[in-house]
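Have a look at the structure below, then the notes.
What follows draws every value from the coordinates through simple rules; no lab data is involved. If you're wondering where the values come from, they're calculated on a predicted model, not measured in any experiment. Here Cβ is always computed from backbone atoms with ideal geometry, including for glycine, and neighbour counts include all displayed protein chains.
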Amino acid sequence: MDFDLPEETRALQDMVREFAAREIAPHAAEWSENEQFPTHIFTKLGELGLMGMLVPEEYGGAGSDMVSYVAVMEELGAADQSVASTWNAHSTIATLPLLAYGTQEQKQRWLAPLARGEAIGAFGLTEPGAGSDAAGITTTAHRVDGGWVINGTKMFITNAGTDISQGVTLLARTGHDAEGRKQFATFYVPTDTAGYTVGRKLRKLGWHAMDTRELVFTDCFIPHDHLIGEEGGGLRQFLSVLDKGRISVAALSMSLARAALTLGVQHAREREQFGRPLSAFQAVAHKIADIGTEFEAARWMVYRAAWLADQGRPHATEAAMAKLYASEVANRAASQALQIHGGYGYMRESEISRFYADAKILEIGEGTNEIQRNVIAKALVKRG
């Protein structure tokens, strides 16, 4: 067994680490405090070929594998979770449905600009009354002459209101089949479409530099060629790309745990009490040991799930396990690292306070951890 990353992946990771240290980390606190979306960073990521990592070259992407994607996420997330989570939403749920189910014309029209980094993508699933219960959404799409009319509201949507937002891929109900079951479809709604309103930026506990908004659709007309995939297959299409999204959030979580470990060790070495550095006290040293051990366990769970995906092997359960464990490790790591910082950690000027605020959403986004446990238990019971 070889746990070393391929040489090409290591070189890519080194490049992203240097970019993040130079362009992201020094400014992350300012962006967070001002709730500023750093448009120029995503333009630069596009120039580096990173905005379409999972998209084939023929559509403007890099055609990278999931292991390389996780390696890049590890560096972006350790520098700033807002930038990394924005990049994640764009790279997975906002673009993969177009890649998997879009027509050639749709891919050239909408996917290619996203993959090249000329624009940023959004995906609209969650609603005020539906989150974990994806089938409970109430946004509707009715067929009319020449297209569809969409009505409804989406909530907590990432990347829809920036100055480089191209549009939103969304899930809507289209009616019922012959047996009375709900039918869903996926649609692409470009920014500035009549009847599509982007609400105010939502104020969050963390991820302050990430654009998050409510979206409202009022008699919003889109042509027939804005339907992605087959009518009635929308929910299945969404679920089919979810595993890569879970691996991505697991990688984001793992990157936060790494940042917490780095900050905790740094402070423990530099801060002195009773004439000794904090690291010399067993109570502090044990916290560092726990964070480091759990980080390593989470790291290899994430990379294994990504490797399985690259091998074309079943990985849904492993993706759910990685997301579940890594997100909970991230929260424990951030809490323990802040404890090591003491009062300094509680100040908003401290770097660890930003990661602490960012950690909680990792147990909620891309399927709550309660849902992950349901997925894992069902799979294990089925295996016997």
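If you take every residue apart from S279 with its C-beta less than 13 Å away from the C-beta of S279, what net charge results, scoring Lys and Arg +1 and Asp and Glu -1? Net charge in that neighbourhood comes out at +2. The relative contact order of region 182-334 comes to 26 percent, based on Cα pairs under 8 Å that sit 6 or more residues apart. Annotation: amide H-H contacts under 5 Å for D211 (H modelled 1.01 Å from N, sequence separation of 5 or more, or interchain): N159. Exposed loop sites are taken as GluC sites (Glu not before Pro) in a DSSP loop (any state but H, G, I, E or B) with at most 11 other beta carbon atoms within 10 Å; the longest stretch of the chain without one runs 1-178. Relative contact order for the chain: 16 percent, from Cα pairs under 8 Å spaced at least 6 residues apart, divided by residue count. Taking only alpha carbon atoms, region 155-200 gives an Rg to Rh ratio of 1.10, where Rh is the Kirkwood radius. Residues in region 28-39 carry Karplus couplings, in order, of 4, 5, 5, 4, 5, 5, 8, 6, 9, 7, x, 3 Hz; the curve used is 6.51 cos²θ - 1.76 cosθ + 1.60 with θ = phi - 60°, and Gly or Pro positions show x. With θ taken as phi - 60° and the Karplus curve 6.51 cos²θ - 1.76 cosθ + 1.60 applied, the whole-hertz 3J(HN,Hα) list for region 127-139 is 10, x, x, 8, x, 4, 8, 4, 6, x, 5, 10, 4 Hz, x standing for glycine and proline. Ordering L252, L338, L99 by the number of other Cβ atoms within 10 Å of each residue's own Cβ, fewest first, gives L99, L338, L252. In a DSSP loop and with at most 15 other Cβ atoms within 10 Å, the trypsin sites (Lys or Arg not before Pro) in region 347-384 are R348.
Between region 74-151 and region 341-384, what's the alpha-carbon centroid distance in Å? Each part's Cα centre sits 23 Å from the other's. Max-minus-min Cα coordinates of region 241-383 on each principal axis give 57, 25, 25 Å, with the largest extent listed first. Take every DSSP beta bridge whose two residues both sit in the chain; close to 85 percent of them are antiparallel. Set the Förster radius R0 to 56 Å, insert the Cβ-Cβ distance between I364 and R276 as r into 1/(1 + (r/R0)^6), and round the FRET efficiency to 0.05. Calculated transfer efficiency: 0.90. Candidates L48, V149, A28 compared by Cα position along the dipole of region 1-154: farthest toward the positive end lies V149, with charges placed on Cβ. Amide H contacts of F221 (H built 1.01 Å from N, in plane; Pro and chain starts excluded): I150 sit under 5 Å, all sequence-distant by 5 or more or on other chains. When only alpha carbons are used to place a centre, region 1-73 and region 256-278 end up 27 Å from one another.
Net charge dipole, the chain: roughly 1020 debye, given to the nearest 20, about the Cα centre with Cβ charges of +1 for Lys and Arg and -1 for Asp and Glu. Annotation note: trypsin sites (Lys or Arg not before Pro) in region 142-200 located in DSSP loop regions with a Cβ neighbour count of at most 11 within 10 Å are R181.
Restriction of the chymotrypsin sites (Phe, Trp or Tyr not before Pro) in region 1-102 to DSSP coil positions whose beta-carbon has at most 13 other beta-carbons within 10 angstrom yields F3.
Pairs to check: K201/K378; K154/K323; K182/K244; K287/K382; K107/K204; K287/K360. Give those whose C-alpha atoms are more than 28 Å from each other in this structure.
Check vs 28 Å cut-off fails for K201/K378; K287/K382; K107/K204.
Karplus-derived 3J(HN,Hα) values for region 276-283, using 6.51 cos²θ - 1.76 cosθ + 1.60 with θ = phi - 60°, are 9, x, 4, 5, 7, 8, 4, 4 Hz; glycine and proline are entered as x.
Got a sec? How would V83, V381, V149 order by Cβ neighbour count within 10 Å, fewest to most?
Ascending number of Cβ neighbours within 10 Å: V381, V149, V83.
Each of L171, V70, A130 was scored by the projection of its Cα onto the charge dipole of the chain, and the greatest displacement toward the positive side belongs to A130; charges sit on the C-beta of Lys, Arg, Asp and Glu.
I need V144, V329, V284 ordered by Cβ neighbour count within 10 Å, fewest first.
V144, V284, V329
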